[in-house]
Amino acid sequence: MDELNLIRTLLTEDAPVGAEPQRAARQRLRHAIAETTVAPAGSTPAAIAPAASATARRRAWSMLRWPAVGTGVVAVTAGVALVVGGGGTPSPTPTAPTVAEPGATSTAPQTARQFLLAAAEAAEREPATSGRYWHVQWILDQKDAPSRRLVDIWHATRPSDDTWFGELEYRDGKAAGATTFARQESWGFGAEREISLAELRALPADPTALRARLDRKATSLGSDLNSLNPDGLDGYAFEAIIGLLARSPATPGQRAAGYRLLAGLPNVDVNGTAADGLGRTGTVIRFAGGNRIIEVIIDRDGYEVLSITKQRTIPEVSDGTTHPRVKTAIPSVHLLTWTREWTDQQPVPPTVPVADR
């Protein structure tokens, strides 16, 4: 049957008498389309497939719309979109419904900017918390190394308390060396340890002001900046913010500003989803500078930084094109966030993480 005539006939029939004529018309159209097969031009009978699958036919339709698009009309059906232009025969295109049902969530991939702005909104909704100690642990996983190292920091917030530093190397779920646990005069944050706790507390909760503050910090580092990140101010801003998000007691406002700052940086994109070294999955945010590639896996529910992977890049001999070929240097460094919390608990020496036992 010609699809245009089918739709025209069903839509122009006298509506049934009753309280729900539109629902009845939709029901007749639904059955007619479900029972009709549509063959692409030139196809053989064996190639003809049902216009809608059994699963699609069972899907409840919240509404049936016929929006005008230019001079044509789009008929949204369960599993088939008939696109009617100014002339010619409509051709079936298997697709998902283009009219979302109530409560449906889009599955379209997010850009880095969209993801990071969503993370900023989530950060703003976090409650402000505090405690006697800021306790943070991360796992250093060096590529091709036979063991992992757990770094354990207890930042004291009271002048009368001490900050503690712990370190534990382990392999196959057991300690592989002596455990370090001692008082630490101070410990910083950022790309490494260059931002003190006092500086952290003074960081603004506005992305523009935050970037200006980080640029001044980078300038003050002088020659040390290249060792932290050789990709200049943008590279330093990315790495410093990621470090603050992963390991510092930044406030909800500061975390939101950090995510918004990242969303505005160049050379930042989404590189799909992946699992970190502990099997936790998240969205991969990637910064590709001229000298370093940094990939960050961020949890898609709580927007917490799960892992950071750093790789330096070194140029190969040019192949005659405008841009020289680049390869990634090995080994890679993986930093896995394990603990990030406020606590009133007294500091204790580190033990092998439960996930690695």
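All of the numbers you see were taken from the coordinates with simple rules; none came from a lab. Since the model is a prediction, treat every value here as computed from it, not as a measurement. No Cβ is skipped: glycine too gets one built from the backbone with ideal geometry, and neighbour counts run over all protein chains shown.
A few comments on the model shown:
- Within the shell of other residues whose beta carbon sits under 13 angstrom from the beta carbon of Ala355, the net charge comes to 0, with Lys and Arg scored +1 and Asp and Glu -1.
- Neighbour-count ranking [beta-carbon atoms within 10 angstrom, fewest first] of Val333, Val354: Val354, Val333
- Full-stretch length increase - Leu140, Ser223 - with 0.36 nm per residue and alpha-carbon distance subtracted: 27.3 nm
- Whole-Hz Karplus values for segment 291-296 come out as 10, 8, 10, 10, 10, 10 Hz, taken residue by residue from phi with 6.51 cos²θ - 1.76 cosθ + 1.60 and θ = phi - 60°; glycine and proline positions read x.
- Among 151-163, 230-242, the peptide with the highest mean count of other Cβ atoms within 10 Å heads the list, and the full ranking is 230-242, 151-163.
- Computed FRET value (nearest 0.05) for Thr273 with Arg171, which takes r as the C-beta separation and R₀ as 30 Å: 0.55
- Amide H contacts of Arg340 (H built 1.01 Å from N, under 5 Å, at least 5 apart or other chain): Gln137
- Order of Tyr259, Tyr170 - criterion: other Cβ atoms within 10 Å of each residue's Cβ, fewest first: Tyr170, Tyr259
- Each part gets one Cα centre, and for segment 258-297 versus segment 183-229 those centres are 20 Å apart.
- What the phi angles of segment 262-275 give under the Karplus curve with 6.51, -1.76 and 1.60, with θ = phi - 60°, is a coupling list of 4, 5, x, 7, x, 6, 10, 8, 8, 10, x, 10, 7, 9 Hz, glycine and proline written as x.
- Taking amide hydrogens as placed 1.01 Å from N in the peptide plane, the amide H of Ser196 sits under 5 Å from those of Phe189, each at least 5 positions away in sequence or on another chain.
- Residue-wise HN-Hα coupling along segment 233-240, computed from phi with Karplus coefficients 6.51, -1.76, 1.60 (Hz; x: Gly, Pro): 5, 5, x, 5, 4, 4, 5, 5
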